[in-house]
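Everything below concerns the one structure shown next.
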Amino acid sequence: MNKAHIIALYDQDQRKDLVYPNMRREVTPTVVRHIDTSDIGEGTITYSQLHEANADDVIREQVSYFESIGQDFEWKVYDYDTPPDLKERLESHGFSVAEAEALVVLDVAEAPEILYQPVRHHVQRIIIPEQLADVQTVEQQVWGEDSSWVVDFLGDALNNYPEQMSVYVAYVDAQPASAAWTYFPENSQFASLWGGATISSFRKQGLYTSLLAVRVQEAKARQVNYLTVDAMPMSRPILERFGFEMIAFSYPCTWKCESQ
């Protein structure tokens, strides 16, 4: 995989041109931002083109803009963004910087053969919101916290743009054991993998591999060229064993509106 080529393609496809459901895309000379229009989410800055001389002014402008509409927002910084200290500048302006995530990419055409084998576990695609309770069960047991947001977020997707969200649950003896989903943006060469959670008592049975295989096979059938994951340290080595390659570290930087 040509890393420079993939980064350029990713920036154009996923950071500059992408349009999200329930969001209004706005392009300025320095940033691409998305404004939540659903009243339940937050805004985001997906791309910026800054330099040493204007970075602090642009940061203040974006904070002022989102404060004026009373909306929290995330500024996603990649380690190749400019200026090189953009993350530190955001932090100095009051942004909360989360743990680094490794952006890993799989060329679907080069996925290992194991991901194209018939899936041996009982994996079911969730197509109606009423079935999302099984996804919530998995997420809640894995993370030990309220996961009702899963039902709200994925339920909205299944109701309003089902062609862009594929949700899967793996079952063991009729019990939900593992869950994951894929987001397919419109007119994009990329799709992103999310979830990938398995209840501890069901681990080391190949459920993660089965859910990954189902999603890779769907991506190929839908003629998607690349799959991405914002991988945490635990999942990155697993994904790399299946052919994913890291192209960058990213840092979610969050601003909470003072007016709220």
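Efficiency by 1/(1 + (r/R0)^6): what FRET value for E240 and T37, r their Cβ-Cβ distance, R0 = 25 Å, to the nearest 0.05?
Working from the Cβ atoms, E equals 0.10.
Label points 7 Å out from Cα along the Cβ direction at M1 and R125: separation in nm?
In this crude spin-label approximation the distance works out to 2.5 nm.
Enumerate the amide H contacts of A248 below 5 Å, restricted to partners 5 or more residues apart or on another chain; note that Pro and chain-start residues carry no placed amide H.
L103
For the chain, the longest stretch holding no GluC sites (Glu not before Pro) located in a DSSP loop with at most 11 other Cβ atoms within 10 Å is which?
In the chain, the maximal stretch lacking such sites is 187-257.
For a quick check of your reading of the filter: which trypsin sites (Lys or Arg not before Pro) in segment 152-233 sit in a DSSP loop and have no more than 11 other Cβ atoms within 10 Å?
Those satisfying the criteria are K204.
Run down the aspartates and glutamates and flag those whose C-alpha is under 16 Å from the C-alpha of K220, throwing out any fewer than 8 positions away in its chain.
Here the aspartates and glutamates satisfying the reach criterion relative to K220 are D107, E110, E113, E163, E186.
How many times 2.2 N^0.38 Å is the alpha carbon radius of gyration of segment 112-242?
For segment 112-242, the normalised Cα radius of gyration comes out at 0.99.
Can you tell me what the convex hull of the Cα atoms of the chain projects to on average, as an area in nm²?
That works out to 14.0 nm², a quarter of the Cα hull's surface.
Can you tell me the orientation of helix 55-68 relative to the chain, as the angle in degrees between its alpha-carbon axis and the longest Cα principal axis, to the nearest 10?
The angle comes out at about 70 degrees.
Rounded to the nearest Å, what's the spacing between the alpha carbon centres of segment 16-47 and segment 96-175? Just the number, please.
24 Å
Would you mind checking which residues have amide H under 5 Å from Q175's amide H? H placed 1.01 Å from N; only 5 or more apart, or other chain.
Distant-sequence amide H within range of Q175: zero hits.
Would you kindly state how much longer the chain becomes between D57 and R203 on full extension, computed as 0.36 nm times their sequence separation minus their alpha carbon distance, in nm to one decimal?
Using 0.36 nm per residue and subtracting the Cα-Cα distance, I get 47.7 nm.
Compute the acute angle (0 to 90°) between the alpha-carbon long axis of helix 148-160 and the principal axis of greatest extent of the alpha-carbon atoms of the chain; round to the nearest 10°.
Value to nearest ten degrees: 90.
Here, each number is a calculation from the coordinates, and none is a lab measurement. Here the structure is a predicted model, which means the values were calculated and not measured. Please note: Cβ atoms are built from the backbone with ideal geometry, for glycine as well, and neighbour counts cover all protein chains shown.
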